[in-house]
Amino acid sequence: MANASNVQCTKCTKNAGITTCDGCLAKLCRRCFNDHRQDLSKEFDNVVYEHDMLKQELETPNKNYSHHLLKQIDDWKKDSIDKINQLADLCRTDVVKLLDKNKNQLTDRFRKISNKLRKGRDDEDYVERDLNKWMTDLKDLKDELIKPSNFRVEEDNQRSPWIQKIRVHEDFYDPAKVEDGKS
Ligand SMILES: [Zn+2]
Ligand SMILES: [Zn+2]
């Protein structure tokens, strides 16, 4: 560097630049140099603040469960349970309707058997064959009431799962490579 007093201050462009900042290479007069150092000092405080905040975060035990990855799992859980509840409600409604319909149909059949029994008693006109037939009809009706043969609840073996499974995946990484912020 030649005679510094010949060089103008980069900042105020009035005074002579008597010193050079080693960081930004600005040539500065005494006053601007002091201002510049003060600015750097403020920025340094910002770095320290960031550092202290991070330190605090690192020293806080993981007990609040507020991390967004944990929230992601909670959201998945809630969405999946909502889906299950909605479908279960829908299927319950359908089954109740079908059970009612089935009961109405069985009641019609039951009424016919009742009439035959009444007539048989009134006329005292029945033999073993009739008794067996009525008993079988009644048992069939009872079975049909407990275990309807024309509808059922079955699991859908669909190819793509209705609820997506989640898992935790860890990427392999070399801590030596990210040391000192060099990547
Ligand atoms: Zn200056
Ligand atoms: Zn500088």
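The values are calculated or read from the model by the stated rules, or taken from the named source; none is laboratory data. Owing to the predicted nature of the structure, the values given are computational and were not obtained by experimental measurement. Cβ coordinates were reconstructed from backbone atoms using ideal geometry, including for glycine residues, and neighbour counts include every protein chain displayed. In case anyone asks, the SASA skips ligands and DNA or RNA and just uses the protein heavy atoms, side chains included. Shrake-Rupley method; radii C 1.70, N 1.55, O 1.52, S 1.80 Å.
A 32 angstrom limit on the alpha carbon distance is what I want to check against. Which of LYS63/LYS165; LYS77/LYS97; LYS55/LYS165; LYS78/LYS142; LYS83/LYS147; LYS63/LYS83 exceed it? Numbers along the way, then the final one.
On the way: LYS63/LYS165 26 Å; LYS77/LYS97 30 Å; LYS55/LYS165 35 Å; LYS78/LYS142 41 Å; LYS83/LYS147 28 Å; LYS63/LYS83 29 Å.
Table pairs above 32 Å Cα-Cα are LYS55/LYS165; LYS78/LYS142.
How big is the dipole moment of the chain about its Cα centre under a simple scheme where the beta carbon of each Lys and Arg is +1, that of each Asp and Glu is -1, and everything else is neutral? Debye, nearest 20, please. The partial results should precede the final answer.
Values: 35 positive and 35 negative charges, 98 e Å.
Taking the Cα centre of the chain as origin, the dipole is about 480 debye.
Taking a 1.4 Å probe, which of LEU40, LEU145 shows the most accessible area, and what order do the others take after it?
On the way: LEU40 60, LEU145 85 Å².
Of LEU40, LEU145, the descending order of accessible area is LEU145, LEU40.
Per residue, how much accessible surface does the chain expose to a 1.4 Å probe? Answer in Å², no decimals.
Computed with neighbouring chains in place, this is 93 Å² per residue.
Calculated FRET efficiency, ARG121 and VAL153, Cβ-Cβ r, R0 41 Å, to nearest 0.05?
Numbers: r = 40 Å, r/R0 = 0.98.
Efficiency for this residue pair is about 0.50.
So what's Rg/Rh here for the stretch 57-164, counting alpha carbon atoms and using the Kirkwood radius for Rh?
Computed over Cα atoms, the ratio is 1.41.
Can you pull the Kirkwood radius for the chain, inverse mean 1/r over Cα pairs, to one decimal in Å?
Working: mean 1/r = 0.0368 Å⁻¹.
Hydrodynamic radius (Kirkwood, Cα pairs) of the chain is 27.2 Å.
Given the options GLN158, LEU138, THR20, identify the residue whose Cα lies farthest towards the positive end of the charge dipole of the chain (+1 on Cβ of Lys, Arg; -1 on Cβ of Asp, Glu).
The listed residue farthest towards the positive side: LEU138.
In percent, how large is the relative contact order of the chain, given Cα pairs closer than 8 Å and 6 or more residues apart? Write down the numbers at each step before the final one.
Working: 78 pairs, mean separation 16.8, N = 183.
Relative contact order here is 9 percent.
Of all trypsin sites (Lys or Arg not before Pro) in the stretch 94-183, which ones are in loop regions per DSSP and have a Cβ with at most 16 other Cβ atoms within 10 Å?
Those satisfying the criteria are ARG152, ARG159, LYS165, ARG167, LYS182.
When the accessible area of the chain is computed with all protein chains present and a 1.4 Å probe, what percentage of it is carbon and sulfur?
Details: 8900 of 17020 Å².
Summing carbon and sulfur atoms, their accessible area is 52 percent of the total for the chain.
Using helices alone, what [θ] at 222 nm do you get for the chain, with -39,500 (n - 2.57) per DSSP H run of 4 or more residues, divided over all residues and rounded to the nearest 500?
Values: 4 runs with 109 residues, N = 183.
After summing the helix terms and dividing by residue count, I get -21500 deg cm²/dmol.
Looking at the stretch 1-72, which GluC sites (Glu not before Pro) are DSSP coil and have at most 16 other C-beta atoms within 10 Å of their C-beta? Write out the running numbers ahead of the final one.
Details: sites: GLU43, GLU50, GLU57, GLU59; in loops: none.
The qualifying sites: there are none.
For the stretch 4-59, what D do you get in µm² per second when you plug the Kirkwood radius from alpha-carbon pairs into Stokes-Einstein at 20 °C and 1.002 mPa s? If you can, show how the numbers build up before the last one.
Working: Rh = 12.6 Å.
Taking Rh from Cα pairs, D becomes 170 µm²/s.
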